[in-house]
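For reference, the structure is listed below as structure tokens.
What follows is calculated from the coordinates using simple rules that are stated; it is not laboratory data. As the structure is a prediction and not an experimental result, all values here were calculated from the model. Please note: Cβ atoms are built from the backbone with ideal geometry, for glycine as well, and neighbour counts cover all protein chains shown.
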Amino acid sequence: MASRAIWKGQLRLSLVSIPIEIHSATKRSSRVSFRQIHEPSGKPVKYEKSVPGIGPIDAKDIVKGYDTGNDKYMLIDPEELDEIKLETKKTFELVQFVDACEISPLYFDKPYYVVPTDDLAQDAYRVVRDALRSAGKVGLGQFTMRGKEYLGAIKPCGDGLLLETLHYADELRKADPLFGEIADEKVDKELLEVATTLIDRKSGPFDASAFTDHYAEALHELIEAKRKNKKTKSVSTAENDEPSGENVVDLMAALKESVKKSKASGRSTRKKAS
């Protein structure tokens, strides 16, 4: 399945603008997903937006509400949010360059591939890629996607560029309240040497393919075993508004029986009257 761009715009470096697309660098196709089923009926569980005292509502009638306190909300229409003008909606401008090691891993959120939209953009794209690689720097900037402005870092990745979204400073929790409870005592020298030796023995180049999601593998094995087991309980969630053949027969039988009872009741009434 071809990758679909989740953002289109321009990567800007000073007066140079490069048309680009951003694609997600991760996928979840290998993950096992489940659907919640109501076991007594065998029907899939649905989640409907509803209002107390009213019930299910139409999505077009929903607006955003800002909590002003005391259970009061200031209403904001989606159109008002769309009218907020931000240059970062269509432009990712590289405004600062830093060494990659300067950014703490705490800030990194999600990776994306950045690709040029056409052949004409490739020349400038390669210049930015190679310049970043030569300088050993990461470019910082912001872009707006899905109603949120993101901070991002762009760096060379193979033949292309990788964008990693970063958390803002106020999104991170301080570690002091947690780490502050750890006693500040000297580590036993002999134990430290043993631990260091173990680390040295197990050191090597990073290879993500050497690690496997064992839980996902076990789930696949479980599903396959249950699929082969004829005793495995299953339900059909196919919804059909048409009555089944059996229901039609039952309904016809019930109607005929009602007609018979109606005729018998009529004859009984006439006999009593006579």
Fill in the blank from the handout: Rounded to one decimal in nm, the spacing of the 7 Å Cα→Cβ label points at LEU120 and LEU15 is 1.9 nm
Practice task
Using a Förster distance of 30 angstrom, determine the FRET efficiency expected from the C-beta separation of VAL51 and ALA5, and round it to 0.05.
Solution key: 0.25
Handout entry: Calculated FRET value between LYS226 and ARG201, using beta carbons and R₀ = 30 Å, to 0.05
Key = 0.15
Practice task
Rank by packing, highest mean first: peptides 37-44, 110-117, 150-157, with packing defined as the count of other Cβ atoms within 10 Å averaged across residues.
Solution key: 150-157, 110-117, 37-44
Problem - Sequence-separation-based contact order of the range 79-146, relative, with Cα cut under 8 Å and 6+ spacing, percent - result: 62 percent
Practice task
Sort the following peptides by mean Cβ neighbour count (other Cβ atoms within 10 Å, averaged over residues), highest first: 56-69, 89-102, 130-143.
Solution key: 130-143, 89-102, 56-69
Problem - Burial ordering of ARG227, ARG126, fewest other beta-carbon atoms within 10 Å first - result: ARG227, ARG126
Handout entry: In sequence order, calculated HN-Hα J values of the range 57-71 (Karplus, 6.51, -1.76, 1.60; Hz; x Gly/Pro)
Key = 10, 7, 4, 5, 8, 9, 10, 8, x, 9, 5, 9, x, 6, 6
Problem - Net charge of Cβ neighbours under 12 Å - reference ILE154; Lys, Arg +1; Asp, Glu -1 - result: +3
Practice task
Go ahead and estimate [θ] at 222 nm for the chain from helices alone: -39,500 (n - 2.57) per DSSP H run with n ≥ 4, summed, over the residue count, rounded to 500.
Solution key: -9500 deg cm²/dmol
Practice task
Among ILE76, ILE182, rank each residue by its count of other Cβ atoms within 10 Å, from fewest to most, as a rough exposure measure.
Solution key: ILE182, ILE76
Exercise for the section: Counting residues in the chain as N, plug N into 2.2 N^0.38 Å and put the Cα Rg over that result. Expected result: 1.73
Exercise for the section: Could you work out the relative contact order of the chain, using alpha carbon pairs under 8 angstrom and six or more residues apart, expressed as a whole percent? Expected result: 17 percent
Exercise for the section: Treating the angle as unsigned and between 0 and 90°, give the value, to the nearest 10°, between the Cα long axis of helix 119-135 and the longest Cα principal axis of the chain. Expected result: 50 degrees
Exercise for the section: Compute the long axis of helix 189-201 from its Cα atoms, compare it with the longest principal axis of the Cα atoms of the chain, and write down the angle in degrees, 0 to 90, nearest 10. Expected result: 80 degrees
Completion exercise
Here the FRET efficiency for ALA183 versus PHE108, based on Cβ atoms and R0 = 35 Å and rounded to 0.05, is 0.70
Fill in the blank from the handout: So the angle from the long Cα axis of helix 245-273 to the longest Cα principal axis of the chain, reported in degrees to the nearest 10, equals 30 degrees
